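Student: Have a look at this one before I ask anything.
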Amino acid sequence: MPIMRIPCPCCGERDAREFTYFGDGSVSRPEASAIDTCARFYEYVYLRDNPAGLHRELWYHGSGCHAWLVVCRDTLTHEVHSAIRAADPPITSQS
Amino acid sequence: MCNEQHVKYSVSSLLLGGLTGQRNWQPLWRFPLPRPSYDVVLVGGGGHGVATAYYLAKEHGISNVAVLEKSYLGSGSVGRNTTIIRSNYLLAGNIPFYEWSMKLWEGLEQDLNYNAMVSQRGILNLYHSDAQRDAFVRRGNAMRLHGVDAELLDRERVRAMYPFFDFANARFPIRGGLLQRRGGTVRHDAVVWGYARAADRRGVDLIQNCEVTGIRVESGRAVGLDTSQGFIRARKIGLAVAGNSSRLAAMAGLRLPIESHVLQAFVTEGLKPILPGVVTFGAGHFYISQSDKGGLVFGGDLDGYNSYAQRGNLAAVEDVCEGGVSLMPLLGRVRIVRTWGGVMDMSMDGSPIIDRTPIDGLYLNAGWCYGGFKATPASGWCFAHLIATDEPHPTAAAYRLDRFASGRLIDEKGVGAQPNLH
């Protein structure tokens, strides 16, 4: 049984049990002032792509640097491809 | 379509078989090729799919039905659970549905003429604090108001039933428990086999190794399915593929309020009978029973991250075992012989969805979290009712797809839209 490890940009590769999972990192909070706020918040709070394959997701490094990370992980294999700090600008041309 | 030659299982057929060299056994179902079109096509040959097909044929007279399964019947979560049945729910949207399921379990074997080993050995939920006792009193009262059996036991009555629990645990003292005597366990695979055999006899085509690759929608109406065995036209299509509901719904352009998560389960080496009923540990999340073969069957929390892998990580294994040893220290001396993972449709409020979709002719049965097995009979019953009549069954009327937009959530645990906490 493989152990899932997350390459934290601050702390190096660490066991996943040091982190807390939050969920899909690809959804973004809508503007409260938009005309269709209710519909957008419904999608933001409840609807998910839930892909079988690569998934961008939020993990919190509670037992380490206390950073929020955006982790790219394969939900079919649990292989972790990358992890960046959520505060950093997203890498657009990554594999 | 029904074959009158089928053997009805009974004491006399068993004796006859024994005296005639066991030559009276027959395959439980046919292996048909798909026909070009059906009145109803159900996707997913698990418990819910075959139960739906059975009740469509039996209760609604719709037997021009196919069940499509991408692997073999019962290859998904119906064969990957901890076999527990119960109806000890709190909320009004849930109790009548799960109690209807319990009533169907109670008559299931006679109805199907199949031994599913339904065993009402009782389920005991332990409490460890005053606050937890209050919560269980409330739950027990809610159950009894709906006509469901519930008994609150104090510490000494629990000790009389299970003297080997760790009553001296300073951190998690056992104060008592809420007992539902009608809860218990069922042989999980036999549920699929029994429903499949009974559905097949009523003319349902059970088509295995048939993977759905696309849902064809024309002018807002679902008209058929592209599959690995060709296109199959259908007047109505029902999805019962919990674990993979988002993937199937995406083929019709729908996004669902669901995440897929992995839940692990465990079986130990066989022991002499020690655990007469099902027990849950209230200070962590741990549930255990003993199979008729003697192995202790137990499980706990989700791993907690999105997964379609049907296997989990060691962190969850450790957490489950810690809970188990806190409850009954003897577990520390028992070897685990098998573990596995199943993929759960974790919905955003922890409750299921049995409803029409925005696409005409496409019906959804999804979001079972880790409560799908016990729901199998009522899920089939209510989904068949919905597909046949286009109206929700009264016990499942709250399981609407639009409740997330309208705010009528059924959040049994009260943790909000965070699927890995339900």
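Throughout, read-outs are computed from the coordinates displayed, never taken from laboratory work. What you are looking at is a predicted structure, and each value in this text was computed from that prediction instead of being measured. When we count neighbours, we look across all protein chains shown, and the Cβ atoms used for this are built from the backbone with ideal geometry, even at glycine.
Student: Counting pairwise Cα distances across chain B, what percent come out greater than 26 angstrom?
Tutor: Percentage above 26 Å: 55.
Student: Report the full-extension gain for the segment B:ARG408 to B:ARG23: residue separation times 0.36 nm, less the Cα-Cα distance, to one decimal in nm.
Tutor: Length gained between B:ARG408 and B:ARG23: 133.0 nm.
Student: Which Cα, out of B:VAL204, B:ILE274, B:PHE231, lies furthest along the positive dipole direction of chain B (beta carbon charges, K/R +1, D/E -1)?
Tutor: Value computed over the given set: B:ILE274.
Student: I've got another one for you. Sort the protein assembly as shown into rounded, prolate or oblate with this rule: let a ≥ b ≥ c be the square roots of the eigenvalues of the Cα gyration tensor; rounded if a/c is under 1.5, and if a/c is not under 1.5, prolate when a/b is larger than b/c, oblate otherwise.
Tutor: oblate
Student: Assign one of three labels to the stretch B:152-208, namely rounded, prolate or oblate, based on the Cα gyration tensor with a ≥ b ≥ c the square roots of its eigenvalues; rounded applies when a/c is under 1.5, prolate when it is not and a/b is larger than b/c, and oblate otherwise.
Tutor: Verdict is prolate for the stretch B:152-208.
Student: About the Cα centre of chain B, what is the dipole size in debye to 20, counting +1 per Lys and Arg Cβ and -1 per Asp and Glu Cβ, all else neutral?
Tutor: Dipole size: approximately 620 debye.
Student: While we're on this one: Among DSSP beta bridges lying fully in chain B, give the percent that are antiparallel, nearest 5.
Tutor: Bridges in chain B are about 70 percent antiparallel.
Student: Viscosity 0.692 mPa s, temperature 37 °C: give me the Stokes-Einstein translational D for the stretch B:1-143 in µm²/s, with Rh taken as the Kirkwood radius over C-alpha pairs.
Tutor: Rounded, D is 173 µm²/s.
Student: Same structure again: Just tell me how shielded A:19-31 is by partners: mean number of partner chain Cβ atoms within 10 Å of each residue's Cβ, no decimals.
Tutor: That works out to 2 on average.
Student: Normalised by the number of residues in chain A, what is the relative contact order in percent for Cα pairs under 8 Å and 6+ residues apart?
Tutor: So the answer I get is 28 percent.
Student: Output the relative contact order of chain B, whole-number percent, from Cα pairs under 8 angstrom with separation of 6+ residues.
Tutor: After rounding, I find 22 percent.
Student: Can you check what the Kirkwood hydrodynamic radius comes to for chain A, Cα pairs only, in Å to one decimal?
Tutor: Computed over Cα pairs of chain A, the Kirkwood hydrodynamic radius comes out at 14.5 Å.
Student: Taking the Cα centre of the protein assembly as shown as origin and charging only Cβ (+1 Lys, Arg; -1 Asp, Glu), how large is the dipole, in debye to the nearest 20?
Tutor: About 1080 debye.
Student: Follow-up. Find how much the distance from B:ASP390 to B:ARG187 grows on full extension, using 0.36 nm per residue of separation minus their present alpha carbon separation; answer in nm with one decimal.
Tutor: Full extension from B:ASP390 to B:ARG187 adds 69.9 nm.
Student: Among B:ASP402, B:ASP355, B:ASP134, which one shows the highest mean-square fluctuation when chain B is modelled as a Gaussian network with alpha-carbon springs under 10 Å?
Tutor: Maximum among the listed residues: B:ASP134.
Student: Quote the charge dipole size of the stretch B:1-89 about the Cα centre in Debye, to the nearest 20; the model charges only the Cβ of Lys and Arg (+1) and of Asp and Glu (-1).
Tutor: 220
Student: Give me B:TYR89, B:TYR162 ranked fewest to most by other Cβ atoms within 10 Å of their Cβ, as a rough exposure proxy.
Tutor: Ascending number of Cβ neighbours within 10 Å: B:TYR162, B:TYR89.
Student: Follow-up question, since we're still on this one. Going down the list B:LYS8/B:LYS374; B:LYS70/B:LYS413; B:LYS70/B:LYS272; B:LYS58/B:LYS413; B:LYS236/B:LYS293, which pairs span over 31 Å between their C-alpha atoms?
Tutor: Those over the limit are B:LYS70/B:LYS413; B:LYS70/B:LYS272; B:LYS58/B:LYS413; B:LYS236/B:LYS293.
Student: Next question, about the same structure. What area, in nm² and to one decimal, does the C-alpha convex hull of the stretch B:352-412 cast on average over all directions?
Tutor: For the Cα atoms of the stretch B:352-412, the hull's average projected area reads 4.2 nm².
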